[in-house]
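Below is one structure; the comments refer to it alone.
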Amino acid sequence: MGRAAPAPVTDDILASLIEGHAGLTKAAADVSARYRERKGSLALQNATEALAYAATRMPATLAAVEHVLAQTSGDAPSSILDFGAGPGTATLAATSIWRHARAVMIETNAHMRGVAQKLVPDASFVSAPEKADIVMAAYVLNEMPDAVKTARVLWDATQDRLILIDTGTPAGYAMMMGVRDMLIAAGAHIHAPCPHHLECPYQRESDGWCHFSVRLSRTRLHKQLKGADLGYEDEKFIYLIAGRKPAQPFEARIVGYPRIGKVMQLPLCTSDGQLENAMIAKRDAHYKTAKKAKWGDAL
């Protein structure tokens, strides 16, 4: 992968929120252990844990959301609903693009709501899904008792596009494929990442699963709270964008790291529902363009 993206501007906001707040390092470790081990309640217990979660996870999840929003096309929405908003990550990313859209969030954890209110003060909260042009759910479906049923409720609230993002694990992929099947059966048009409405080719493969990755820089604060040495981290994620109307078709999407050499290799998912390793020789007219391609790009 190329150079890491700069740390998002929210780092400055987060730093001001947590300045002088004691116990963040321990809180970050406690929250991380609960999420990793899946033992006990995953709910954040207090304001310190909410701030620790935001400071450690929000930079990476924001980078993933920004990547996904860059894949959507269509009219600017007049309304946005963010389900399971957490600290307001998806709303923050969406309203930085669609500045005039009315944004509402659903978040049951009071400590998370407190952080979101500070990070996205113009957004408001509602207690149940309501109609919106764009409905988003980022890193929350995997915590639902029935992800497919929840996604159906969100689709019914969607007037234009539904944007779903989750962890880029085999379990996250399997969950999203169940959601994808439901949406196609309900008449949705898949906009991204898939270039087709056929069976996902990874479901026919014995190895691998569809997911994507973004690399971001870590600030000193980020490294300190995570006990990390590296100056960057890679966030792996899976996503789905579905619409009420068809999107502009495309031929393929890059589904892995491009390999640059005398012959460029691009791992692709193609519009006919196949996985293909495209080989582009240096003498090929498309070689220079292919060298700029990144994992997740549409062709």
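The numbers here are math on the coordinates, done by the rules we state, and not lab data. The structure presented is a predicted model; accordingly, all values stated were derived computationally and were not measured. Cβ placement follows ideal geometry from the backbone for every residue including glycine, while neighbour counts extend to all protein chains displayed.
The figures follow:
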quantity	calculated
By average C-beta atoms within 10 angstrom, highest first, the peptides 62-71, 82-91	82-91, 62-71
0 to 90° range, to nearest 10: angle between helix 110-119 axis and the chain longest Cα axis	70
Under Karplus coefficients 6.51, -1.76 and 1.60, residue-wise ³J(HN,Hα) of region 187-204 in Hz, glycine/proline x	x, 6, 9, 7, 8, 6, x, 5, x, 7, 10, 7, 4, 4, x, 5, 6, 9
Calculated from backbone phi, Karplus (6.51, -1.76, 1.60) coupling profile of region 135-151 in Hz, x at Gly/Pro	10, 10, 9, 10, 6, 9, 4, 5, 9, 7, x, 9, 5, 5, 4, 5, 4
Amide H partners (placed H, <5 Å) of VAL263, local residues excluded	none
Once the Cα gyration tensor of region 148-252 is diagonalised, semi-axes √(5λ) in Å	30, 17, 14
DSSP-defined antiparallel bridges as percent of all bridges, the chain, nearest 5	60
Cα-Cα pairs of the chain separated by more than 26 Å (percent)	46
Order of ASP166, ASP234 - criterion: other Cβ atoms within 10 Å of each residue's Cβ, fewest first	ASP234, ASP166
Descending semi-axes in whole angstrom, ellipsoid equivalent of region 251-299, from the Cα gyration tensor	17, 10, 9
Model label zone, LYS282; criterion: amide N under 19 Å from point 7 Å along Cα-to-beta-carbon; scope region 227-266	258-266
Between helix 24-37 and the chain: long-axis angle, C-alpha atoms, 0 to 90°, nearest 10	50
Links that overshoot a 19 Å alpha carbon limit, given the list LYS118/LYS236; LYS149/LYS236; LYS236/LYS294; LYS262/LYS292	LYS118/LYS236; LYS149/LYS236
Nearest-20 debye value, region 251-299 charge dipole, Cβ charges on Lys, Arg, Asp, Glu	420
